[in-house]
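Here's the structure, in structure tokens; my notes come after.
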Amino acid sequence: MKFGIIGFGKIARKFVASINATSGQVVAVGSYSLSAKDSYLQNNPAVRLYRNYDELLDDPEIQAVYIALPHAMHREWIIKALTRKIPVLCEKPAVLSGADMAEVLDEARKNDTYFLEALKTIFNEGTQKLVEDLPLIGKLEKIEANFCFDATFMKGSNSYLFDQVQGGALNDVGPYLIGFANALNKQPVVSVDSTCSKDGKIVTYFNSTVTYANGVVAILEGAIDQTKDRYALVTGEKGTIMIPMFNRITHYQINLDDKSVISRDFTINGDDMTMEIQALIDDVTQGKTQSGVYGFEAHQENAKLLEQINDSFDR
Ligand SMILES: NC(=O)c1ccc[n+]([C@@H]2O[C@H](COP(=O)([O-])OP(=O)(O)OC[C@H]3O[C@@H](n4cnc5c(N)ncnc54)[C@H](OP(=O)(O)O)[C@@H]3O)[C@@H](O)[C@H]2O)c1
């Protein structure tokens, strides 16, 4: 499958390596700032460079587009691609509100065109296996997960991370935390309570307690101003599961109350982005318009919870 990329920043540079382990290829890049002398273009002379994202979308050879712009620009370019019936893989968070997600999903349905938020965690083999293993710990009680890293050195740069409109920890790491919790417990949310720290309007740290209709509680902690060991701990009535680096699972351990221990290990094919790219390729090739692993309903639930957590900061 032939991909075009919109925006050639840090994550797009990773994407061009990740796609090498899939059956896809990059044929064009839309970038205002990329130098024609950049080593990526020099080493890949067949890749066309467009100076305007619209022109990239008008390239008839493009069969899918990867959108790698700052969050607040995603919505516009998702809609433009879907309107042209081009399948879309868009970086997380695909949009910043439940209403915007509803609009995007409507556009995908209207155009009968595939749309996927690049929530790579969900496509990890380890996440899929974890969901299957959950019954081992009995009735689910609690999901704790953290994703905290120190990006304060980027303050003062023009990074979206510290932008007053789209910046902050929730928009950056929240999708991983929310996607993880909602994948493990597919239930309506009944309440959200949070504590947070702010730098101006930007939430640099948050700790949110999400209570679901079945009584399960998720405690989700995210930060862009401090680093913590990243893990998730899932508790059930018969034991716990400890998952280091829950966003890129290569190992987890199930500790049951009867003292038995089960370890699971996984290898990652390519890198952590490879599986989501291959999933899109396989789905679109099979004529699907949404993912069976991360479908439209889950997209809507995740966007809604992102908004609910955001609203809880000001209470
Ligand atoms: N999945 C992951 O692991 C992962 C990791 C990091 C980031 N992300 C997500 O990917 C997206 C992009 O992140 P990034 O770290 O790659 O960002 P970045 O390095 O800042 O690159 C963003 C690109 O967007 C384009 N752009 C167009 N208008 C812009 C504007 N007004 N300000 C800044 N950039 C503008 C630029 O591309 P051109 O000059 O080439 O047109 C720029 O290179 C974010 O939504 C982020 O959450 C995902």
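The values are calculated or read from the model by the stated rules, or taken from the named source; none is laboratory data. Note that the structure is predicted; figures quoted are calculated from it, not measured. Reconstructed Cβ throughout: ideal geometry from the backbone, glycine too, with neighbour counts over all protein chains shown.
Here is how the numbers come out for the structure above:
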| read-out | value |
| --- | --- |
| Where a residue in the range 9-36 is aromatic (F, W, Y) and its partner, wherever it lies, is in a helix (DSSP H, G or I) and modelled with pLDDT of 95 or more, with Cβ under 9 Å and at least six apart | F15/I277; Y32/Y53 |
| Restricting the range 1-38 to residues that are among the hydrophobic types (A, V, I, L, M, F, W, C), in a strand (DSSP E or B) and in contact with a helix residue (DSSP H, G or I) (Cβ under 8 Å, 6 or more places away or on another chain), the residue that is farthest from the ligand (Cβ to nearest atom) | F3 |
| Test: residue in the range 243-260 that is surrounded by fewer than 18 Cβ atoms within 10 Å (Cβ to Cβ), closer than 17 Å to T121 by Cα and not assigned by TED's automatic domain parsing to the domain that holds L136 | no |
| Checklist (1) modelled with pLDDT of 95 or more; (2) within 15 Å of the ligand (Cβ to nearest atom); (3) of a type in the set (S, T, Y) applied to T113, failing item | (2) |
| Failed criterion for A99 (all others in (1) touching a residue at least 40 places away in the same chain (Cβ under 8 Å); (2) away from the ligand (no atom under 16 Å from the Cβ); (3) of a type in the set (A, V, I, L, M, F, W, C) hold) | (1) |
| Residue within the range 281-299 that is of a type in the set (S, T, Y) and either in contact with a strand residue (DSSP E or B) (Cβ under 7 Å, 6 or more places away or on another chain) or in the same structural domain as N207 (by TED's automatic domain parsing) (or both) present | yes |
| Answer from F149, F206 - the residue that is within 18 Å of E307 (Cα to Cα) and within 21 Å of the chain's Cα centre (by Cα) | F206 |
| Filter result for the condition that a residue is within 21 Å of Q300 (Cα to Cα) and not hydrophobic (A, V, I, L, M, F, W, C), over G179, G200, G156, G236 | G179 |
| Number of the exception - D314 against (1) more than 18 Å from the chain's Cα centre (by Cα); (2) in contact (Cβ under 8 Å) with a residue 12 or more places away in the chain; (3) over 20 Å from V65 (Cα atoms); (4) not assigned by TED's automatic domain parsing to the domain that holds S197 | (2) |
| Failed condition for Q164, given (1) touching a Gly at 6+ places or on another chain (Cβ under 8 Å); (2) of a type in the set (S, T, N, Q); (3) in contact (Cβ under 8 Å) with a residue 40 or more places away in the chain | (3) |
| Test: residue in the range 24-34 that is surrounded by 20 or more Cβ atoms within 10 Å (Cβ to Cβ), over 17 Å from the mean Cα position of the chain (by Cα) and among the aromatic types (F, W, Y) | no |
| From N269, N207, N255, residue being more than 30 Å from Q164 (Cβ to Cβ), away from the ligand (no atom under 16 Å from the Cβ) and outside any loop (DSSP other than H, G, I, E, B) | N255 |
| Lone qualifier among N158, N182 - being in a loop (DSSP other than H, G, I, E, B) and either of a type outside the set (D, E) or touching a residue at least 60 places away in the same chain (Cβ under 8 Å) (or both) | N158 |
| Unique residue being away from the ligand (no atom under 15 Å from the Cβ), modelled with pLDDT of 95 or more and closer than 30 Å to E297 by Cβ when the list is A46, A72, A68, A64 | A64 |
| Residues being on the phi > 0 side of the Ramachandran plot and crowded, with 23+ Cβ neighbours inside 10 Å - total across the range 84-102 | 0 |
